[in-house]
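Worksheet for the structure shown next.
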Amino acid sequence: MNGNLDQLRQRWQDAYNRDDHAAVGQMYAHDAVFYDYRGCITKGRSAIQTELSVIRDDLQERAPGGRLRFESRLLEQHVYGDNGQLIAAYQYLAPDGTLVLEGYCTVLLRQEEDDWRIATHMTTAHLTTPVAKRRLVTA
């Protein structure tokens, strides 16, 4: 198995920016957990896929006049046998380049079905405007 976790980060970013929720969802393990910057905890591949769509819709409201763009940059990657860790900086940008949200994510991965799968996805953020907290979401 290739230890380059940055390829997964790039595939995730590309699929997310295409609104390809099915492709994004397939990158998560069936029992994955997502801790988002709003304080929500989402469990399970399907629920995470839905919650990521909700987050994008919420942030899109802050970027009128066009499609919101997600960008990320790898900071660190570590592979420990069948497990890995990826740390990245990310930002959501309005069509005119205005920063909507930025933060960091830590992603814990494991090898499943001959590919890396996201087991735990944790995000932090520096908000440009407040976001209401959400609830615990489970599959």
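The values are calculated or read from the model by the stated rules, or taken from the named source; none is laboratory data. The shown structure was predicted, so the numbers you read here are calculated from the model rather than taken from an experiment. Counting neighbours? That spans all protein chains shown, and the Cβs are built from the backbone with ideal geometry, glycine included.
Listed by first and then second residue, the pairs with beta-carbon distance under 6 Å, at least 6 apart or on different chains, first residue in the stretch 76-88 and among the small types (G, A, S), second surrounded by 18 or more Cβ atoms within 10 Å (Cβ to Cβ), are G84/L5; G84/L109; A88/R9; A88/S72; A88/C105.
Quick check on the stretch 42-61. Is at least one of its residues assigned to a strand (DSSP E or B) and more than 19 Å from R18 (Cβ to Cβ)?
Scanning the stretch 42-61 turns up at least one residue that is assigned to a strand (DSSP E or B) and more than 19 Å from R18 (Cβ to Cβ).
All told, A47 meets the bar of being in contact with a strand residue (DSSP E or B) (Cβ under 9 Å, 6 or more places away or on another chain), touching a residue at least 24 places away in the same chain (Cβ under 8 Å) and farther than 17 Å from Q10 by Cα. Checking the stated criteria, R62 turns out not to satisfy the condition of being of a type in the set (K, R), crowded, with 16+ Cβ neighbours inside 10 Å and within 15 Å of the chain's Cα centre (by Cα).
Each row is one residue, and each column tells you yes or no for (1) among the hydroxyl-bearing types (S, T, Y); (2) modelled with pLDDT of 90 or more; (3) in contact with a Ser or Thr (Cβ under 7 Å, 6 or more places away or on another chain); (4) buried (at least 16 other Cβ atoms within 10 Å of the Cβ).
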| site | (1), (2), (3), (4) |
| --- | --- |
| D31 | no, yes, no, no |
| D36 | no, yes, yes, yes |
| S46 | yes, yes, no, no |
| P95 | no, no, no, no |
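Anything in the stretch 15-44 that is touching a residue at least 60 places away in the same chain (Cβ under 8 Å) and in contact with a helix residue (DSSP H, G or I) (Cβ under 9 Å, 6 or more places away or on another chain)? List them, or say none. Steps first, please.
Taking the stretch 15-44 as the starting set, the residues that turn out to be touching a residue at least 60 places away in the same chain (Cβ under 8 Å) are 27-29, 31-44.
M27, Y28, A29, D31, A32, V33, F34, D36, Y37, R38, C40, T42, listed by residue number.
The set of residues in the stretch 97-116 that are surrounded by 18 or more Cβ atoms within 10 Å (Cβ to Cβ), under 24 Å from R38 (Cβ atoms) and under 15 Å from the mean Cα position of the chain (by Cα) comprises L101, C105, V107, L109.
Among the residues of the stretch 12-29, those identified as surrounded by fewer than 16 Cβ atoms within 10 Å (Cβ to Cβ) and either of a type in the set (G, A, S) or under 23 Å from H126 (Cβ atoms) (or both) are N17, A22, A23.
Of the residues that make up the stretch 14-26, is at least one within 13 Å of the chain's Cα centre (by Cα) and part of a strand (DSSP E or B)? Within the stretch 14-26, not a single residue is within 13 Å of the chain's Cα centre (by Cα) and part of a strand (DSSP E or B).
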